[in-house]
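Here is the structure we will look at.
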Amino acid sequence: MNQSQKKRIALVGLGDIAQKAYLPIVANHSQIDPILCTRDQQVLKQLTNQYRIAESYSDIDDLIKSRPEAVMIHSNTESHFTLVSKLLNADIPVFVDKPLCYSLQESETLLNLSARRGVLLYLGFNRRFAPLINTLKNQPNPIQVAWQKNRTNLPGDPRVFVFDDFIHVVDSLWFLGSGEIESLQVFSTLKSKKLEALNVQWQQNDVLLSGSMNRISGITEERVEYYSKGNKWQIDELTKGIHYHDEKPHTMGFNNWESTLYKRGFVSLIEDWLKALEADAFNENRIQDIWDTHYLCETIVEKIVKN
């Protein structure tokens, strides 16, 4: 793809996640002509100089007038509804960091808007594209899947806890499972209205799925355990793993040249986003997929509050 065929894709909101995970890929991608947009003039100047990006904006309306071919939103969750609404109404495809919104009603409004106008709305879940997780997805006949993600000194409001962080666990289990969710159970620890720990479990067909998060742990960690008859896979931090078969361990990993962004799924996520932009027809399944994850998170929040 030559320079004239590159897609003009804008990044809106240039905070920590954009700078660490997305900008290094997008700014150096052979198929993307990047545009930056943030109200922070100092950050805008720094990043346009660092990545030699020629086009930038400090106002979303000015960006929309320039008619980019797509926009990636990395701003805070509270801003998502307004920004995504503007872009979809302008018929500009949107990539947005999870969650879509804190409110299920607002998420539904945006999903309906995307479907009604036939404009792509893409939600970024990097764990779906982490190579070692894809290894699990391709294993037949799972019996049990457990996903644990812990942090230190971060108790929080239940809705923010679930939608900003635990949604990774929920979506990943939903992705690895197959079939309708049954027998959802939620166990939580609340202190002074702050959620400290959470455990959920459900069944999909004959597979038992469980997810947990402790945000007052002594260590930040993430572990996935995936079982089928005669097998166990254990993945740590998305980047290293062991497959056990008949009591024998087999190491899973990467060569020394693979980047962290590839190991954690961001490189393949961007490739899938570009592929979605090239698709001829609007994919209704994407809307349903986003809704399913957010609806499950909302159900979990309701059970926490009720309990």
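The residues of the range 184-307 expose on average 58 square angstrom of accessible surface per residue, using a 1.4 Å probe on protein heavy atoms. Across the range 108-228, the relative contact order, built from alpha-carbon pairs under 8 Å that are at least six residues apart, equals 35 percent.
Largest first, the three principal axis extents of the alpha carbons in the chain are 56, 46, 40 Å in whole numbers. Using only side-chain charges placed at the Cβ, +1 for Lys and Arg and -1 for Asp and Glu, the dipole size of the range 40-176 relative to its Cα centre rounds to 460 debye. Distance from the C-alpha centroid of the range 37-51 to that of the range 70-93: 19 Å, rounded to the whole angstrom.
Projecting the Cα atoms of I304, L277, T293 onto the charge dipole of the range 266-307, computed from C-beta unit charges around the Cα centre, puts I304 farthest toward the positive end.
Quick one: Kirkwood hydrodynamic radius for the range 113-198, alpha-carbon pairs, angstrom, one decimal? One decimal place: 15.5 Å for the Kirkwood radius. Loop sites by DSSP among the GluC sites (Glu not before Pro) of the chain, restricted to those with at most 11 other Cβ atoms within 10 angstrom, leave 1-179 as the longest stretch without any of them. Electrostatic tally near R151: other residues with Cβ closer than 11 Å to its Cβ, Lys and Arg +1, Asp and Glu -1, net -2.
Projected label points at T189 and E55, each 7 Å from Cα along the beta carbon direction, are separated by 5.1 nanometres.
Starting from the Cα of K6, step 7 Å toward the Cβ, then list every residue of the range 26-52 with an amide N under 13 Å from that point. Residues 26-36, 51-52 fall inside that zone. Taking a straight line from the alpha carbon of K86, these lysines sit under 30 Å away, with near neighbours fewer than eight places off in the same chain left out: K6, K7, K20, K45, K65, K98, K275.
Accessible surface of the chain, 1.4 Å probe: 45 percent of it comes from carbon and sulfur atoms. The value given for the range 113-263 is a Kirkwood hydrodynamic radius of 16.8 Å, derived from the mean inverse Cα-Cα separation.
Per-residue Karplus couplings for the range 14-28, computed as 6.51 cos²θ - 1.76 cosθ + 1.60 with θ equal to phi - 60°, are listed in order as 10, x, 4, 5, 5, 6, 7, 9, 9, 4, x, 7, 5, 5, 10 Hz, Gly and Pro entered as x.
Solvent-accessible surface of the range 1-126, averaged per residue with a 1.4 angstrom probe and all protein chains in place: 45 square angstrom.
Using R0 = 25 Å, the C-beta based FRET efficiency linking K65 and V43 works out to 0.70.
Extending 7 Å from the Cα toward the beta-carbon at both L113 and Q203 defines two label points whose distance is 4.1 nm. Bridging of K149 to aspartates and glutamates at a Cα separation below 18 Å is possible for D157, D164, D165, D171, E196, E221, E222, E225, D236, E237, once same-chain residues fewer than 8 apart are set aside. Within straight-line reach of K232, meaning a Cα separation under 18 Å, sit the following lysines at least 8 residues removed in sequence or on another chain: K137, K240, K248. Where in the chain lies the longest segment free of trypsin sites (Lys or Arg not before Pro) that are both loop residues by DSSP (not H, G, I, E, B) and have at most 14 other Cβ atoms within 10 Å? Formally, the longest exposed-site-free interval is 53-192.
The values are calculated or read from the model by the stated rules, or taken from the named source; none is laboratory data. Owing to the predicted nature of the structure, the values given are computational and were not obtained by experimental measurement. Neighbour counts run over all protein chains shown; Cβ positions are idealised from the backbone, glycine included. Note: areas computed on protein heavy atoms with side chains; ligands, DNA, RNA excluded. Shrake-Rupley method; radii C 1.70, N 1.55, O 1.52, S 1.80 Å.
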